[in-house]
Structures are given as C-alpha cells and as structure tokens.
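Everything below concerns the one structure shown next.
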Amino acid sequence: MTGRTRIQGAALLLTALQGYPALGASFAVGGESSIPRTATAIGLPSSDFKCSQPRSQVLQKHVMAHCAASMSNTAPRLVRPMKSIVISLLLFLLAVAPANAGMWMMVYAEGQKPDRTVYYAAFDDVQSRTSPEAFLEALQRTGDPLKAEAATKVNQIRVNQIHEAAGGPWLTMFTLEFQCGSQQMRITQQEQHYRQNGRSQQVPGLDWSAITAPWQAQARLLACDEARWKKALEADRRRGQGQDELNKLGLVVVGDHVLPMGLNDLSFATLWRDGTEPAFTTSKSPAELDRLRRETIARGDALSAEMRGKEQNLRKDIESSQAEDAFMAQVDRNFAAKKYPKQFRDLVHSMKGLTEPEIIEVMGYPDGERRVGGDRLWVYYSEKDERVANVVSKYGHVAVTGELRECELTFILREGGKKNGGRLFDYQMAGGNCNLSTMKRSSR
C-alpha cells in the first residue's frame, strides 16, 4: 500500500482501529498532523517543521533542527500491519497509557542505520521531588528562601527512547530525577518493551551520579531550566515562523501523544524514512484483541480529551507569561525614569508590581485614595517633627531649632500582568525634605 501520511497522535491511531478487518490485514494510518495542530494550540505556527540542513548531517551533529522535512506535510505514508498496531495498544491498555500520555519534545537523536535511536521528553509533566526536610534545613542554614530552593531543588521528568533496531526493545521508558543545583541525576524507573508478543521488562535504575550522556543533559534542561526553554517557546510563538529559538536549544515540539506508538510512528515516518520498521508479533486471539481494542478506544478518547485540556492550559500559561513580561517591562521603565535619592528608590523599587494586599503588608493602609482615569492613586503622608523650642534669656525670645520633615508618597496602581487587581505601576514623591525614617509613619 502506498501514499502519503501526516502523523497524528493516539486519537487517530485508535480511530483507525474501529472496524478493522480480519487479523493480518493491513491498512494505512492517515489524517491530519498532530504536530501542526498542537503547535497551533500553543500558539506556534503550523509551518514550523521546515529544516535547511540535510537530515544525515543533523543526526551526526545531534541537532534537532532536522525535524523540518521530517515533520512537514510531505512525509510519506506509514503503512503498518494491523497486527503491529494491535500489539502496540496491548502494551499500554490499562496502567501504562495514562501514565505515558503527554506533550512531547524531541531532545536528542543518535546512531547509524539500522541502529538509530531518538529521545522524547514530556515537557508538560515536570514534577517536583524536592525534600521538604532538605529545604527547611537549607533555609535555616542560609536564611534565604531562594538560595535554599536553588540548593535543594529536585525535579522529575519522563523520557521515551524509540529504537530502530530489530534485535532489542522498540521502546525504553525512563523516569529521571535531577538535582537542579548540580549535574547529578538518577533513574528511578526504566522499563523496556519489545515487539514480540507485547513482552516487557523492568531494568534496574541508577542511583545519584553525574550526567554522562547528551540526552540526559537535554532532559535536565527541560526539567530544571523552565524559564530558558519557555522563553524560547514564547519567542518562536511571537515570531510566528518556525521553531528557531527552540532548535538552538536542541528542542523540537512534536505534539501530544497518548501512546508511545505515536512517537514510534513519528520516528519511522520522518527521521528514519530510509529504514524498515521491524514487525510486531502476537499470539492473542482475534476475540481477545477485539475486546482490548474497544477498551483502548474508550480509554484513548478520555486521554485525548485530557490532552486537549493540557494544550489549552499551556497556551494560557504562555499568554499569561507574555502579559506579565510586558507589564513589568513598562513598570521597569517607569521606575528607571525616577531621579529621587537612592535610599527612597531602593525601598520603593523593591515593591515593583506588588498587588494591593502586598503593598498594604509593607506600607499599611493609605492615607488617601483617588482615581485618575483607569488608575487608582494611593497616597501616604508622613512627617517627623524635629523642631525644638529654646528660650534665649539674653534677648528674651524663643529660638526654634531642628526641622519639620514632611513627605507625600503616591503609588499609582494599574491592573495588568498575570495577577488580579491593581498593582504598583508607577510612583511619585513630593516634599523637599523627605526622610526614610518617616516613609512608613502616617501623619494621621
């Protein structure tokens, strides 16, 4: 059977099984690509997957920009025997499929035909494994929550390795933990799945040790340096063309996949188009396969709905981060333009972007409030009377020494960013002899 295909995720795979012919017949998996669909869902253009480098060169350099021609709409149709698809579904019917669903990035590829391999990481499923006890101990030692978090942060991520070779597993599933403050990692779970009758086996994990492989370093990037890769993701989204910034980090968004077979199909249909996929085999009866097929379809529908929700949440998160960046950039410009004495700027600048409750926690309730357009102005009056009356007996009159220190601090509150309510957007000071000691002392 010949033709063309665009790889979709597990939902299409499951749909293709409905009404399948007798065991042993074959059919093609077709439909709309999950990669452009998912990219669009999170704001990336659907034309992202265009590469300028030959795939062979890219594999040698282990650079992920090779997704290009691979993931475009011109990938050849993947023809898979019915038996192969059924076996792939058996492996993940009950426990494995829900745990393995996710949105994936390609992080690394290596090897030579016919023993190539590619790694995918679930970038939407990074879990904290930081020990509360270790954090509290570090906090007591440093007195700084940020330093304590950086020193004790441990995050978990899932990685699927797809294998081309016929002699070993077709899939190795890893659960990795990283000490984000160092280059230490451990493998808490490792499971291999084979093409022969759905056989699988647990492989001993790995205790804490140094990162030794490039794919592990790439997985650490996703697990521990969220700000870095999200910045690249947002930059590509704003540009609206390609995944250039992600590619510079060696990352490529490949979409949502409920079953690892979707990643397997993607690898053979794009990266290994010059190879031949080994066959899957089974001893299951047609009746048993039919029952498993129906159960898997139902579970796949539920998981697909869950993945759509995750896509929407990721897009909202990106949009919220962009709004926050734009809001705080304007706040920074407003504050940078102020020429007040450093002692006052240090105090107020530490409050940039604070919400109303946060301002009250620092400054107390304002002495006055008014509106100007859409902004709310909170006014804090403060004074410190240092005047002292001294009787000058020689001349028979009273002399006053010292001064009355008065200051008016106005906070301009505006709604914006990802936090609700008014936030400290700008400020003004009035008073020729403001004193830092009076800043929080109300004149009321």
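The values are calculated or read from the model by the stated rules, or taken from the named source; none is laboratory data. Given the structure is predicted, the values throughout are model-derived calculations rather than measurements. Cβ: placed from backbone, ideal geometry, glycine included. Neighbour counts: every protein chain shown.
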inquiry  = So SER304 passes all but one of these: (1) more than 20 Å from the chain's Cα centre (by Cα); (2) surrounded by 13 or more Cβ atoms within 10 Å (Cβ to Cβ). Which condition number does it fail?
reply    = (1)
ask   = Residues in region 220-228: is at least one closer than 18 Å to ALA326 by Cα, in contact (Cβ under 8 Å) with a residue 12 or more places away in the chain and in a helix (DSSP H, G or I)?
value = yes
task = Return yes or no: is GLN161 surrounded by fewer than 16 Cβ atoms within 10 Å (Cβ to Cβ), assigned by TED's automatic domain parsing to the domain that holds LEU271 and within 20 Å of ALA219 (Cβ to Cβ)?
result = no
message = I'd like to check something: does region 326-349 contain any residue that is assigned to a strand (DSSP E or B), out of contact with any Gly (no Cβ under 7 Å at 6 or more places or on another chain) and modelled with pLDDT of 65 or more?
response = no
ask   = Which condition number does ALA279 fail, the rest of (1) farther than 25 Å from HIS163 by Cα; (2) surrounded by fewer than 20 Cβ atoms within 10 Å (Cβ to Cβ) being met?
value = (1)
request  = Within region 290-300, identify whether any single residue is touching a residue at least 12 places away in the same chain (Cβ under 8 Å) and either not assigned by TED's automatic domain parsing to the domain that holds GLY198 or not in a helix (DSSP H, G or I) (or both), and answer yes or no.
outcome  = no
query = Counting only residues that are over 21 Å from the mean Cα position of the chain (by Cα) and part of a strand (DSSP E or B), which one in region 164-183 is surrounded by the most Cβ atoms within 10 Å (Cβ to Cβ)?
reply = LEU171
query = Is it the case that region 129-138 has a residue that's part of a loop (DSSP other than H, G, I, E, B), modelled with pLDDT under 95, closer than 25 Å to ARG273 by Cβ and out of contact with any His (no Cβ under 8 Å at 6 or more places or on another chain)?
reply = no
key: Residue check, GLY255 under 16 Å from the mean Cα position of the chain (by Cα), in the same structural domain as LEU314 (by TED's automatic domain parsing) and in a strand (DSSP E or B)   = yes
key: First in region 355-371 and basic (Lys, Arg), second anywhere and in a strand (DSSP E or B), Cβ under 6 Å, 6 or more apart   = ARG370/LEU377
query = Can you name the condition, by its number, that ASN264 falls short on among (1) within 18 Å of TYR108 (Cα to Cα); (2) in a strand (DSSP E or B); (3) modelled with pLDDT under 95?
reply = (2)
request  = Considering each of ASP274, ASP256, ASP265 in turn, give the residue that is within 24 Å of GLN112 (Cβ to Cβ), in contact (Cβ under 8 Å) with a residue 12 or more places away in the chain and crowded, with 22+ Cβ neighbours inside 10 Å.
outcome  = ASP265
key: Cβ-Cβ under 8 Å pairs, at least 6 apart or on other chains, region 313-328 side under 21 Å from GLY422 (Cα atoms), far side of a type in the set (Lys, Arg) and assigned to a helix (DSSP H, G or I)   = SER321/LYS230; GLN322/ARG238
Search result, residues across region 342-358 that are more than 30 Å from the chain's Cα centre (by Cα) and within 18 Å of TYR380 (Cα to Cα) = GLN343, PHE344, ARG345, ASP346, LEU347, VAL348
inquiry  = With the requirement that a residue be free of Cβ contacts under 8 Å to residues at least 12 places away in the same chain and of a type in the set (Lys, Arg), what does region 232-249 give you?
reply    = ARG239
ask   = If you take the residues in region 199-230 that are surrounded by 15 or more Cβ atoms within 10 Å (Cβ to Cβ) and basic (Lys, Arg), which one is nearest to GLY111 (Cα to Cα)?
value = ARG220
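To keep it simple, each residue is scored yes or no on (1) within 21 Å of PRO169 (Cα to Cα); (2) outside the structural domain of ASP236 (by TED's automatic domain parsing); (3) at pLDDT 50 or above; (4) touching a strand residue (DSSP E or B) at 6+ places or on another chain (Cβ under 6 Å).
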| residue | (1), (2), (3), (4) |
| --- | --- |
| LYS83 | yes, no, no, no |
| LEU93 | yes, no, no, no |
| MET106 | yes, no, yes, yes |
| PRO114 | yes, no, yes, no |
| ASP144 | no, no, yes, no |
| LYS147 | no, no, yes, no |
